[in-house]
Amino acid sequence: AAPGGQGQLEVGSEGGAAKDGEGRWPLIFLAAAFMAFQVGGLEMGFGGFQYTYLVEHQHVSSATAMNINAAFWGSYTASRATASLGSIYLSSESMMACCCATCVLCSTALMVWPSSTPAFWAIALSFGFAQAPMYALGVSLCQSFVSMDGRAMFTLVVGASIGKFTIPIAITSLFDFVGPFSFPVAIFFSTTGCGFFFVALMVGGRRRRR
(Lines give C-alpha, C1' and ligand atoms only; values in the text may rest on other atoms or scores of the structure.)
Protein backbone atom coordinates (compact mmCIF):
# COMPACT_ATOMS: atom_id res chain seq x y z
CA ALA A 1 0.00 0.00 0.00
CA ALA A 2 2.82 2.37 0.89
CA PRO A 3 4.81 1.91 -2.33
CA GLY A 4 1.64 2.29 -4.38
CA GLY A 5 0.71 5.47 -2.57
CA GLN A 6 4.23 6.80 -3.01
CA GLY A 7 4.10 6.01 -6.71
CA GLN A 8 0.83 7.83 -7.10
CA LEU A 9 2.23 10.84 -5.29
CA GLU A 10 5.27 10.95 -7.56
CA VAL A 11 3.16 10.64 -10.69
CA GLY A 12 0.90 13.44 -9.52
CA SER A 13 3.72 15.81 -8.67
CA GLU A 14 6.09 15.06 -11.53
CA GLY A 15 3.32 14.65 -14.09
CA GLY A 16 1.72 17.86 -12.93
CA ALA A 17 5.03 19.70 -13.15
CA ALA A 18 5.67 18.38 -16.64
CA LYS A 19 2.16 19.23 -17.63
CA ASP A 20 2.62 22.75 -16.36
CA GLY A 21 5.97 23.22 -18.06
CA GLU A 22 4.85 21.89 -21.43
CA GLY A 23 1.31 23.04 -21.77
CA ARG A 24 0.23 25.67 -19.28
CA TRP A 25 -0.92 28.30 -21.67
CA PRO A 26 -1.20 31.89 -20.45
CA LEU A 27 -4.49 32.23 -22.31
CA ILE A 28 -6.10 29.61 -20.07
CA PHE A 29 -5.14 31.38 -16.87
CA LEU A 30 -5.89 34.87 -18.13
CA ALA A 31 -9.31 33.73 -19.35
CA ALA A 32 -9.98 31.87 -16.09
CA ALA A 33 -8.91 34.84 -13.94
CA PHE A 34 -11.02 37.33 -15.87
CA MET A 35 -13.98 34.96 -15.91
CA ALA A 36 -13.68 34.56 -12.14
CA PHE A 37 -13.45 38.36 -11.91
CA GLN A 38 -16.76 38.73 -13.75
CA VAL A 39 -18.46 35.93 -11.81
CA GLY A 40 -17.47 37.38 -8.45
CA GLY A 41 -18.52 40.86 -9.51
CA LEU A 42 -21.88 39.64 -10.81
CA GLU A 43 -22.71 37.95 -7.53
CA MET A 44 -22.05 41.05 -5.46
CA GLY A 45 -23.18 43.54 -8.09
CA PHE A 46 -26.59 42.07 -8.85
CA GLY A 47 -27.29 40.79 -5.35
CA GLY A 48 -26.13 43.97 -3.69
CA PHE A 49 -27.75 46.60 -5.89
CA GLN A 50 -31.02 45.10 -7.07
CA TYR A 51 -32.86 46.47 -4.03
CA THR A 52 -31.61 50.01 -4.64
CA TYR A 53 -32.41 49.75 -8.34
CA LEU A 54 -35.95 48.54 -7.69
CA VAL A 55 -36.67 51.31 -5.20
CA GLU A 56 -35.01 54.19 -7.05
CA HIS A 57 -35.71 53.27 -10.69
CA GLN A 58 -38.85 51.15 -10.67
CA HIS A 59 -40.24 52.95 -7.60
CA VAL A 60 -41.56 49.78 -6.02
CA SER A 61 -42.29 49.54 -2.31
CA SER A 62 -39.58 48.55 0.11
CA ALA A 63 -41.47 45.33 0.90
CA THR A 64 -41.64 44.31 -2.77
CA ALA A 65 -37.96 45.05 -3.28
CA MET A 66 -37.08 42.93 -0.25
CA ASN A 67 -39.25 40.07 -1.52
CA ILE A 68 -37.52 40.12 -4.91
CA ASN A 69 -34.14 40.27 -3.20
CA ALA A 70 -35.10 37.27 -1.06
CA ALA A 71 -36.29 35.42 -4.18
CA PHE A 72 -32.93 36.01 -5.85
CA TRP A 73 -30.94 34.66 -2.92
CA GLY A 74 -33.38 31.77 -2.47
CA SER A 75 -32.90 30.79 -6.09
CA TYR A 76 -29.15 31.22 -5.66
CA THR A 77 -29.13 28.88 -2.65
CA ALA A 78 -31.33 26.30 -4.37
CA SER A 79 -28.98 26.26 -7.34
CA ARG A 80 -25.94 25.73 -5.11
CA ALA A 81 -27.74 22.80 -3.48
CA THR A 82 -28.80 21.12 -6.74
CA ALA A 83 -25.85 21.86 -9.04
CA SER A 84 -24.04 18.73 -7.88
CA LEU A 85 -26.96 16.64 -9.11
CA GLY A 86 -26.77 18.27 -12.53
CA SER A 87 -23.07 17.53 -12.73
CA ILE A 88 -23.89 13.81 -12.68
CA TYR A 89 -25.62 14.07 -16.05
CA LEU A 90 -23.97 17.10 -17.66
CA SER A 91 -20.37 18.10 -18.23
CA SER A 92 -18.92 21.24 -16.65
CA GLU A 93 -18.61 22.73 -20.12
CA SER A 94 -22.31 22.20 -20.89
CA MET A 95 -23.44 23.52 -17.53
CA MET A 96 -21.20 26.58 -17.77
CA ALA A 97 -22.46 27.31 -21.29
CA CYS A 98 -26.06 27.12 -20.05
CA CYS A 99 -25.30 29.37 -17.08
CA CYS A 100 -23.53 31.98 -19.22
CA ALA A 101 -26.31 31.96 -21.82
CA THR A 102 -28.99 32.34 -19.14
CA CYS A 103 -27.17 35.24 -17.49
CA VAL A 104 -26.72 37.00 -20.83
CA LEU A 105 -30.40 36.52 -21.64
CA CYS A 106 -31.40 37.85 -18.22
CA SER A 107 -29.18 40.93 -18.53
CA THR A 108 -30.53 41.55 -22.05
CA ALA A 109 -34.10 41.29 -20.76
CA LEU A 110 -33.23 43.78 -18.03
CA MET A 111 -31.98 46.19 -20.68
CA VAL A 112 -35.15 45.73 -22.77
CA TRP A 113 -37.60 45.98 -19.84
CA PRO A 114 -35.78 48.11 -17.27
CA SER A 115 -38.98 49.35 -15.64
CA SER A 116 -41.01 46.14 -15.54
CA THR A 117 -41.34 44.71 -12.05
CA PRO A 118 -42.90 41.39 -13.23
CA ALA A 119 -39.97 40.97 -15.63
CA PHE A 120 -37.55 41.67 -12.81
CA TRP A 121 -39.11 38.89 -10.74
CA ALA A 122 -38.38 36.39 -13.52
CA ILE A 123 -34.92 37.87 -14.12
CA ALA A 124 -33.96 37.71 -10.44
CA LEU A 125 -35.06 34.08 -10.10
CA SER A 126 -33.36 32.97 -13.32
CA PHE A 127 -30.21 35.00 -12.77
CA GLY A 128 -29.74 33.74 -9.23
CA PHE A 129 -30.15 30.13 -10.30
CA ALA A 130 -27.75 30.46 -13.24
CA GLN A 131 -25.08 32.51 -11.52
CA ALA A 132 -24.70 30.47 -8.34
CA PRO A 133 -22.62 27.49 -9.62
CA MET A 134 -20.48 29.43 -12.09
CA TYR A 135 -17.38 29.80 -9.92
CA ALA A 136 -17.26 26.10 -9.07
CA LEU A 137 -17.85 25.22 -12.71
CA GLY A 138 -15.00 27.51 -13.72
CA VAL A 139 -12.65 25.69 -11.34
CA SER A 140 -13.81 22.35 -12.72
CA LEU A 141 -13.20 23.52 -16.29
CA CYS A 142 -9.68 24.67 -15.51
CA GLN A 143 -8.98 21.37 -13.82
CA SER A 144 -9.93 19.54 -17.01
CA PHE A 145 -7.29 21.49 -18.95
CA VAL A 146 -4.39 21.94 -16.53
CA SER A 147 -3.24 20.64 -13.16
CA MET A 148 -4.76 22.76 -10.40
CA ASP A 149 -1.94 23.57 -8.01
CA GLY A 150 -1.70 26.42 -5.53
CA ARG A 151 -0.77 28.97 -8.16
CA ALA A 152 -3.76 28.08 -10.33
CA MET A 153 -6.22 28.33 -7.44
CA PHE A 154 -4.57 31.57 -6.35
CA THR A 155 -5.26 33.00 -9.81
CA LEU A 156 -8.96 32.15 -9.63
CA VAL A 157 -9.45 33.25 -6.03
CA VAL A 158 -7.71 36.58 -6.59
CA GLY A 159 -9.67 37.19 -9.79
CA ALA A 160 -13.00 36.53 -8.07
CA SER A 161 -12.03 38.58 -5.00
CA ILE A 162 -11.03 41.61 -7.06
CA GLY A 163 -14.26 41.36 -9.03
CA LYS A 164 -16.33 41.22 -5.84
CA PHE A 165 -15.24 44.68 -4.77
CA THR A 166 -14.32 46.31 -8.10
CA ILE A 167 -17.60 45.82 -9.98
CA PRO A 168 -19.80 46.95 -7.04
CA ILE A 169 -17.63 50.06 -6.64
CA ALA A 170 -18.05 50.76 -10.37
CA ILE A 171 -21.82 50.34 -10.11
CA THR A 172 -21.92 52.67 -7.11
CA SER A 173 -19.97 55.35 -8.99
CA LEU A 174 -22.21 55.00 -12.04
CA PHE A 175 -25.30 55.23 -9.84
CA ASP A 176 -24.10 58.62 -8.60
CA PHE A 177 -23.04 60.07 -11.96
CA VAL A 178 -25.32 58.36 -14.49
CA GLY A 179 -28.33 57.16 -12.53
CA PRO A 180 -30.05 53.86 -11.69
CA PHE A 181 -30.12 52.70 -15.32
CA SER A 182 -26.37 52.16 -15.03
CA PHE A 183 -27.20 49.00 -13.04
CA PRO A 184 -28.62 46.97 -15.97
CA VAL A 185 -25.89 48.34 -18.25
CA ALA A 186 -23.15 47.20 -15.87
CA ILE A 187 -24.77 43.79 -15.42
CA PHE A 188 -25.09 43.38 -19.19
CA PHE A 189 -21.43 44.12 -19.84
CA SER A 190 -20.35 41.85 -16.99
CA THR A 191 -22.42 38.91 -18.24
CA THR A 192 -21.27 39.32 -21.83
CA GLY A 193 -17.69 39.63 -20.58
CA CYS A 194 -18.10 36.42 -18.62
CA GLY A 195 -19.39 34.68 -21.74
CA PHE A 196 -16.47 36.00 -23.78
CA PHE A 197 -13.86 34.75 -21.30
CA PHE A 198 -15.64 31.40 -21.06
CA VAL A 199 -15.25 31.02 -24.82
CA ALA A 200 -11.59 32.10 -24.55
CA LEU A 201 -11.03 29.50 -21.82
CA MET A 202 -12.55 26.76 -23.96
CA VAL A 203 -10.49 27.76 -27.00
CA GLY A 204 -7.26 27.82 -25.01
CA GLY A 205 -8.04 24.54 -23.29
CA ARG A 206 -8.92 22.69 -26.47
CA ARG A 207 -5.80 23.94 -28.22
CA ARG A 208 -3.72 22.65 -25.34
CA ARG A 209 -5.26 19.18 -25.70
CA ARG A 210 -4.12 18.89 -29.31
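Taking the centroid of alpha carbons for each part, region 27-49 and region 141-210 are 3 Å apart. Normalised per residue, the accessible area of region 130-210 is 48 Å², obtained with a 1.4 Å probe and no contribution from ligands, DNA or RNA. What the pair-distance distribution of region 145-210 shows, using all Cα-Cα distances binned every 10 Å from zero, is 18, 36, 28, 14, 4 percent. Computed from Cα atoms alone, the Kirkwood hydrodynamic radius reported for the chain is 18.2 Å. Here region 99-120 is scanned for amide nitrogen atoms under 15 Å from the site 7 Å beyond the Cα of PHE196 along Cα-to-Cβ, giving 104.
Projected label points at LEU90 and SER173, each 7 Å from Cα along the beta carbon direction, are separated by 3.5 nanometres. Only the Cβ atoms of Lys and Arg (+1) and of Asp and Glu (-1) were treated as charged; on that basis the dipole of the chain about its Cα centre amounts to roughly 420 debye.
The values are calculated or read from the model by the stated rules, or taken from the named source; none is laboratory data. From a predicted model like this one, the values you see are computed outputs, not experimental measurements. Quick reminder, even Gly has a Cβ in these numbers, built from the backbone with ideal geometry, and neighbours come from all protein chains shown. Quick note on the areas: whole protein, heavy atoms, side chains included, nothing else; ligands and nucleic acids left out. Shrake-Rupley method; radii C 1.70, N 1.55, O 1.52, S 1.80 Å.
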